[in-house]
Amino acid sequence: MTHTISPTSPATDAGSTPPPRQPRRLPPLRSFRERFGDPAFTVVSIGTLLVAIAVILYPLYFIVIASFSEPSAILNGQVWLWPKGFTVEGYQRIFADPAILRGFANSVLYTLLGTTISVVLILCGAYALSRRDLFGRKVIMMVFIATMFIDGGLIARYLVVRDLGMLDTIWAVVLPGSVGVWNLIIARAFFENNVPGELREAAQLDGANDFRFFFQIVLALSKPLIFLMIMIHLVANWNAFFDALIYLDDESKYPLQLVLRNVLIQSEVTSAGGTAGLDSYAAAQRLGELIKYGMIVISSIPLLVVLPFMQKHFTKGALLGAVKS
């Protein structure tokens, strides 16, 4: 019996040669417009971003070089890219005052303690308000929202702090503004959209109570929100000085912002040597300008060091918590 091989079937004889391999086809080259879009739009977008970056970064850079420049050069418009009349007298005057270091330590303490209290209260309160089985949660939320529109005023707040015995204590600085209603709303929306009720039911079937579910599951799913809350309250607590100005009498408890404010005021109103001459007044004004720029740099450095490490969580946390499904 003879076997025939169809023309389309591959050859199976040992001595036959394999069919030639087809050359691999490369994908067609994309045009410039396909790769980068409209060239005019790309140029305009990049140019706009570069201008925006320059507008944001140059004032910060100017503050730094101005702190090392002679105030007369700044007033005459001679300081643009480099310091003119290099001097560190402003920084020497700032650090010569022992209250600066004490105020720095106080600010660190107030910031860490205030941020911790605020984040804990907001996370716990927002999760409780996000639970649909919480009785009266809408009424409770309306009470929080009402505080955004109704305020007793500064005198009423002062009387409350005084009657609670918190005057001239650290608690007068960190407690009155510890819960921001807007942040509470963002956190509640985050929990409603990202922690489904089915997940809690599954955890309950496995024997987890509400506390275990919150601390081990909810917080693990809420890292963007936690970093967002930490970032917001770090900035707010570090820059805060008004509560300390109102509620604190002991200067040893002043935060850095309030200490630097007092140093600047003293430099502006005090003439050198206690005389009222024109030269001494000009010297006091010059020193006040140096201190002004130097204190801006000193008070900004901690935030500039910490916040870049948390920036990537800011947008994600804000978007997840700000959109309600």
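The values are calculated or read from the model by the stated rules, or taken from the named source; none is laboratory data. Computed from a prediction, not measured in an experiment: that's the story for all the values here. Neighbour counts are summed over all protein chains in view; Cβ atoms, including those assigned to glycine, are modelled from backbone coordinates with ideal geometry. These area figures cover heavy atoms from the full protein model, side chains too; ligands, DNA and RNA do not enter into them. Shrake-Rupley method; radii C 1.70, N 1.55, O 1.52, S 1.80 Å.
Along the axis of the charge dipole computed for the range 30-166 (Cβ charges of +1 for Lys and Arg, -1 for Asp and Glu, origin at the Cα centre), the listed residues Phe104, Pro83, Val119 are led at the positive end by Val119. Label point of Trp80 set 7 angstrom out along Cα-Cβ; within the range 42-62, amide nitrogens under 17 Å from it belong to 54-55, 58-59, 61-62.
A cut-off under 15 angstrom between Cβ atoms defines the neighbours of Ala244, and their net charge, with Lys, Arg +1 and Asp, Glu -1, is -1. With every protein chain in place and a 1.4 angstrom probe, the accessible-area ranking of Ser72, Ser299, largest first, reads Ser72, Ser299. Computed over protein heavy atoms with a 1.4 angstrom probe, the accessible surface ordering of Ile46, Ile232, largest first, is Ile46, Ile232. Going by a ≥ b ≥ c, the root eigenvalues of the Cα gyration tensor, does the range 47-117 fall in the rounded group (a/c under 1.5), the prolate group (a/b larger than b/c) or the oblate group? Here the range 47-117 falls in the oblate category.
Counting only protein heavy atoms and using a 1.4 Å probe, the accessible area of Ser107 comes to about 0 Å². For the range 195-266, the dipole from Cβ point charges (+1 on Lys and Arg, -1 on Asp and Glu) about the Cα centre works out to 220 debye, to the nearest 20. FRET efficiency for the pair Lys138 and Ile265, taken as 1/(1 + (r/R0)^6) with r the Cβ-Cβ distance and R0 = 56 Å, rounds to 0.70.
By the Cα gyration tensor, the range 137-242 has an equivalent ellipsoid whose semi-axes, rounded to whole angstrom, run 33, 16, 14 from largest to smallest. Longer than 28 Å from Cα to Cα, which of Lys253/Lys292; Lys138/Lys223; Lys84/Lys253 are they? Say none if no pair is. The pairs that break the limit, which is 28 Å between Cα atoms, are Lys84/Lys253. Residue separation of Ala202 and Val305 scaled by 0.36 nm, minus their Cα-Cα distance, works out to 32.9 nm of gained length.
About the centre of its Cα atoms, the range 129-210 shows a dipole size close to 260 debye [charges on the beta carbon of Lys, Arg (+1) and Asp, Glu (-1) only; nearest 20 debye].
Under a model in which nothing but the beta-carbon of Lys, Arg (+1) and Asp, Glu (-1) is charged, the range 101-173 shows a dipole of about 220 debye around its Cα centre. Take Asp210: with every protein chain present and a 1.4 Å probe, its accessible area is about 70 Å².
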